[in-house]
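Here the structure is laid out as structure tokens; the discussion comes afterwards.
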Amino acid sequence: MAHIHVLGAGLAGCEAAWQAAQRGVSVTLYEMKPQKYTPAHHSPGFAELVCSNSLRSDRVTNAVGLLKEELSRMGSLIMEAARATQVAAGSALAVDRDRFSAYVTEKIKNHPLIEVVETEMTAPPEEGITVIATGPLTSDPMAEWIRDNVAGEGLHFFDAVAPIVDFSSINMDVAFFASRYNKGDADYINCPMTREQYDAFYNALITAEEAELKDFDRDLQKELKVFEGCMPVEVMAKRGYDTLRYGPLKPVGLVDDRTGARSFAVVQLRREDEQGSMYNLVGFQTHLTWGAQKRVFSMIPGLENAEFLRYGVMHRNTYIKSPDLLGADYALRENPRLYFAGQMTGVEGYIESTASGFVAGLNAARQALDREGVIFPEITMIGAMAHYISHGGLGDFVPMNANFGIIPSLDHHVKGGKLARYEIYAARSLECIDRLVAEGVRD
């Protein structure tokens, strides 16, 4: 019988194991709990939700909501468990985390083609097809194996990323394109501040609520001296009123040709992808809560109505430089019998991790059955995520949530604004998913 190995029984690992077993492939699923726990895990159950119990928006006009619907239509175990253990949360999908984990655990342990082995794996099995889904807190021996045999210097242990906004939501009547001293192409978007605007922004920034740090995040930051090498913008601001003005908000050499005005401070945004649909706030790595980021960063002129595609984060997150290593099927290019899934690949979020496990498990199973693999079209959210993982954007590769900025743009203007555009994206995607289901992607 065709067989694969799966390392890790988190969201991605359980989804990968389930998809393979549902296609008639036997699975050995290795999980180090309850023999050993990461600093964030406390329950012996599978698919443990260690942070929020919210799986975020349930509307298909939201990127993660669309991803949920795609997965549901293709037979996702995680989505089945979420619907079965759902609790009231308005337009979001939230679950009873204990019942959710118990549901997934029961399904996995009782599947006739899945064998669970409770042991810590320090390397993948030498033979056979394997999905590595050991998570952002991968144990040290496994991380060492990945670094030494797969990723080299492309294995990251810390995620420090500035917020990313949708270009179409930037007010270009206020912001302007320019490069400092007009050197090179005008690739940066510049958001100018008067002294009064800077004063208001500065005072809001230094008093904003910071996210709670886990002990293992704090310890790793100390080891990496992250506060010097990649300082949170709010920490930098607290060093003095002018610190930002001599750092990432330096205004010199940036003049708005429309007015000839010189600014007291300037926030710069750098393009994140080739098509220019996403821009990141340069130098704005941050520990602020998401609510505080939305409130404070929306005070920046030109970003008053900005849509944040992802917020800034600084936390422990073991992940590989996937565009150099993985294909859109999540297989290692240089050793296609090895697949990666979950946050290890650079996806962020519960549902995104689930989606990567779905694609990896599906393709690992098809390889075991000597069948052609499946590459999901980029017009689907699951395919857009896979394309981002395998190709990346511009500059350094950073982990990413599902968002409409990574979906290929429409070739025509849509009346009705952003929501109307997202409705078209969703309809286009789900039509494609339904076609793939009809063609046998669930088989």
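Just to confirm the number: angle between the C-alpha axis of helix 350-368 and the first principal axis of the chain, 0 to 90 degrees, nearest 10? That helix lies at roughly 40 degrees to the long axis. Between residue 181 and residue 434, the modelled label-to-label distance comes to 5.8 nm, taking each label 7 Å out from Cα in the direction of the beta carbon.
Close amide-amide hydrogen proximity is noted between residue 87 and 94, 95, 96, each under 5 Å apart and 5 or more residues distant or on a separate chain (H modeled in the peptide plane; Pro and chain starts excluded).
Summary of packing: across the peptides 1-8, 15-22, 238-245, 92-99, the per-residue average of other C-beta atoms within 10 Å ranks them, highest first, as 15-22, 1-8, 92-99, 238-245. Considering all different alpha carbon pairs of region 291-443, the Kirkwood hydrodynamic radius works out to 17.0 Å. For the chain, the dipole from Cβ point charges (+1 on Lys and Arg, -1 on Asp and Glu) about the Cα centre works out to 780 debye, to the nearest 20.
With an 8 Å cut-off on Cα pairs and a minimum separation of 6 or more residues, tell me the relative contact order of the chain in percent. Walk me through the numbers on the way to the answer.
Details: 884 pairs, mean separation 99.3, N = 443.
The value is 22 percent.
For the chain, the longest principal axis of the C-alpha atoms and the axis of helix 417-438 are separated by about 20°. When DSSP beta bridges are restricted to pairs lying wholly in the chain, around 60% turn out antiparallel.
Only one of the listed values, (i) 28, 60, 12, 0; (ii) 25, 55, 19, 1; (iii) 20, 41, 27, 11, 1, was derived from the coordinates as P(r) over Cα pairs in 20 Å bins from 0, in percent; which label is it? Of the listed options (i) 28, 60, 12, 0; (ii) 25, 55, 19, 1; (iii) 20, 41, 27, 11, 1, (ii) comes from this structure. The trypsin sites (Lys or Arg not before Pro) of region 1-61 that meet both conditions, a loop assignment by DSSP and at most 13 other Cβ atoms within 10 Å of the site Cβ, are 36. The distance between label points at residue 109 and residue 333 comes to 4.2 nm (points 7 Å beyond Cα on the Cα→Cβ vector).
Each peptide among 247-256, 265-274 gets the average number of other Cβ atoms lying within 10 Å of its residues, and from highest to lowest they stand as 265-274, 247-256. Computed from the C-beta positions of residue 87 and residue 252, the FRET efficiency with R₀ = 60 Å rounds to 0.70.
Using the 1.4 Å probe convention, the accessible area of the chain works out to 42 Å² per residue with neighbouring protein chains retained. Taking the chain as the reference, fit the longest principal axis to its C-alpha atoms, fit the long axis of helix 215-224 to the helix C-alpha atoms, and give the angle between the two in degrees, 0 to 90, nearest 10. Tilt relative to the chain: about 60 degrees. A simple spin-label model places pseudo-atoms 7 Å from Cα toward Cβ; at residue 290 and residue 239 they are separated by 3.0 nm. Determine which residues of region 10-36 fall in the zone a paramagnetic label at residue 117 would reach in this model, i.e. backbone nitrogen under 11 Å from the point 7 Å along Cα→Cβ. It comes to 28-31, nothing else. Checked against a 29 Å cut-off, the cross-linked pairs 36/294; 183/418; 33/321; 321/418; 36/321 give Cα-Cα distances beyond that limit for 36/294; 183/418; 321/418.
The values are calculated or read from the model by the stated rules, or taken from the named source; none is laboratory data. These numbers come from a predicted model, not from an experiment. Positions of Cβ are backbone-derived with ideal geometry, glycine not excepted, and every protein chain shown enters the neighbour counts. In case anyone asks, the SASA skips ligands and DNA or RNA and just uses the protein heavy atoms, side chains included. Shrake-Rupley method; radii C 1.70, N 1.55, O 1.52, S 1.80 Å.
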